[in-house]
Amino acid sequence: MNADLHCHSNVSDGTLSPEAVAQRAHANGVQLWALTDHDEVGGQHRAHAAAKGLGMGYLPGAEISVTFANETVHIVGLGFDPDDPVLCEGLAQTRGGRERRARDMADDLARVGIEHAFEGALKYVGNPDLISRTHFARYLVEIGVCSDPHEVFRRYLTEGKPGYVEHRWAKLADAVRWITGAGGVAVIAHPGRYDFTPNEEFALFTEFKAHGGTGVEVVTGSHTVAEYQKYADMAIEFDLLASRGSDFHDPTESHTDLGTLPDLPGRLTPVWEALSHRILQP
Ligand code: AMP
Ligand code: MN
Ligand code: MN
Ligand code: MN
């Protein structure tokens, strides 16, 4: 099964519309797709309609920003009811602080001589409720401060660098509860990307499970091949379902295209096997 259960549209920090992401996924051979915009389900009905029109299976999705042990962790929700009022209210709260944060980021960039970054980033925003660091990164590339977004995240917008603003996102317990309460499965996104010690990582997996989380991304565009192995072992150790997703944002910025990752290791249980009753068939 070619499943791609993690990617973004211009409803969050991707550059393509939900319809264009659907078309690209389908053209790349994806059979089961989920659009997982950051902290937002505003694109879900469009994504489902587009998948249906293309004959592609669909799972509703979202990627929720969480603060755990003073780090930002992402939790992907899959197969939930996108109209669930508690989930929608939780996501609205999570998005709520983004404009204030963006203004503070722009003030901090002005300190190092980069002016008008708020207005600059806004030009790239498709959803005014969802201004993200990615939009600032595109603006810093536009004005020639950096040559690509990866350089931006090395030199700016991250802890200790200009433009970084500390932010408190949702609690792990709340994010998992919003997802499972809406009938979905909660998945730890790209665990290899966090700067955790082994003890902190163990605590994340343990607490996530205690709150009712049941999945982990193993094969993702954010992992190395060695990390596929490491998190396959963790999935077995913690008895978690395994997920697969490109984390595609844009045809030129993203190094992994939709539907092009290797298969999950055969010893794992794919998250879509537990979600077969939630898959919206074309
Ligand atoms: P935010 O939710 O506003 O903090 O923005 C986070 C987004 O920034 C992520 O979802 C990625 O799209 C992007 N991002 C974060 N770190 C990097 C990085 N090192 N390289 C490229 N993009 C990144
Ligand atoms: Mn993103
Ligand atoms: Mn993420
Ligand atoms: Mn993502």
* To do: Describe numerically, in nm with one decimal, the distance between label points set 7 Å from Cα along Cα→Cβ at Phe153 and at Glu200.
  => 1.7
* Asked: Taking the simple approach of a point 7 Å from Cα along Cα-to-Cβ for both Arg100 and Asp83, what is their distance in nm?
  -> 3.2
* When every alpha-carbon pair in the chain is counted, what percent end up more than 24 Å apart? -> 47
* Asked: So how far, in whole Å, is the C-alpha centre of segment 111-165 from the one of segment 75-99?
  -> 25
* Asked: Considering every Cα-Cα pair within segment 98-155, what fraction, in whole percent, is farther apart than 13 Å?
  -> 55
* To do: For segment 135-199, just say rounded, prolate or oblate: build the C-alpha gyration tensor, square-root its eigenvalues into a ≥ b ≥ c, call rounded for a/c under 1.5, and beyond that prolate if a/b exceeds b/c, oblate if not.
  => prolate
* **Difference of contour (0.36 nm per residue) and Cα-Cα distance, Asp250 to Gln281** => 8.5 nm
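Read the figures in this text as sums done on the coordinates, not as results from a lab. Keep in mind that what you see is a predicted model, and the values were worked out from it rather than measured. Quick reminder, even Gly has a Cβ in these numbers, built from the backbone with ideal geometry, and neighbours come from all protein chains shown.
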